[in-house]
Amino acid sequence: MASTAVDRFLEHAQRLGVPVEVVEFPTETRTADDAAEAIGCDVAQIVKSLVFMADDRPVLALTSGRNRVDEAKLARALDAAVVRKADAAEVRAATGYAIGGTPPFGHATDLEVACDRDLTGFDQVWAAAGLPTTVFALSPDRLLEATGARVIDLAG
Ligand code: 5CA
């Protein structure tokens, strides 16, 4: 797995003291459905690490693979006037990773993080590890600790 993106993520995780075991698949895990199928878990256990622009400030919404973000709810929670999905370049600039491989922490910039309440009920959830073919598992508690996320109801 000669990948600077995964290596970069692992370095961040180590610095944060979060044990990460990267699992790489021969098929893409670019979307939540792809990832759930490859892993053999419930799609609701997939952490989508979605970047939004909240009044031009990038924020991260950790969203259950089963849910769509209600942008009005997210705006209210962030006290922002306007929230929209970041484009590919904005995701790259804010996180240092490409869409489909963006991990939930270990980013190029310090992002405010909101976490979908629906992710917190599982023993284990799965998130991207830097590339659209890589994932790792962690408990929701560790996810919240590593990201400093605020748990909110963000599903539409
Ligand atoms: N590896 C998987 C599961 S861990 C993953 O990263 N899923 S994800 O949901 O976090 O990333 C894919 C998401 O990126 C898609 O759900 C979609 O909402 C978003 N996306 C895809 N293409 C674009 C684009 N061109 N601009 C903005 N967002 C996009």
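The values are calculated or read from the model by the stated rules, or taken from the named source; none is laboratory data. Here the structure is a predicted model, which means the values were calculated and not measured. Cβ coordinates were reconstructed from backbone atoms using ideal geometry, including for glycine residues, and neighbour counts include every protein chain displayed. Heads up: the accessible areas ignore ligands, DNA and RNA and are worked out on the full protein's heavy atoms, side chains in. Shrake-Rupley method; radii C 1.70, N 1.55, O 1.52, S 1.80 Å.
Figure the gain on full extension for GLU112 and GLN124 (residue separation times 0.36 nm, minus the Cα-Cα span) and round it to one decimal in nm.
2.1 nm
Computing the accessible area with a 1.4 Å probe over protein heavy atoms, can you report the carbon and sulfur percentage for the chain?
Details: 3540 of 7600 Å².
Exposed carbon and sulfur together represent 47 percent of the surface.
Once you list every other residue whose beta carbon is under 13 Å from the beta carbon of PRO140, what net charge do they have if Lys and Arg are +1 and Asp and Glu are -1?
Local charge sum for PRO140: -3.
Run the dipole for the chain about the Cα centre, Lys and Arg Cβ at +1, Asp and Glu Cβ at -1, nothing else charged, and hand back the magnitude in debye, nearest 20. The partial results should precede the final answer.
On the way: 15 positive and 24 negative charges, 48 e Å.
It works out to roughly 240 debye.
Calculated from DSSP H runs of 4 or more alone, at -39500 (n - 2.57) each and per residue, what is the 222 nm mean residue ellipticity of the chain, nearest 500? It would help to have the intermediate numbers written out before the result.
On the way: 5 runs with 45 residues, N = 156.
Rounded to the nearest 500, the figure is -8000 deg cm²/dmol.
What FRET efficiency, computed as 1/(1 + (r/R0)^6) with R0 = 41 Å and r the Cβ-Cβ distance, is obtained for ARG68 and LEU16, rounded to the nearest 0.05?
About 0.90, to the nearest 0.05.
Tell me, what is the per residue accessible area of the chain in Å², probe radius 1.4 Å?
With all protein chains present, the chain gives 49 Å² per residue.
Name the residue from CYS41, THR63, MET53 whose Cα lies farthest towards the positive end of the charge dipole of the stretch 1-92, charges +1 on Cβ of Lys and Arg and -1 on Cβ of Asp and Glu.
MET53
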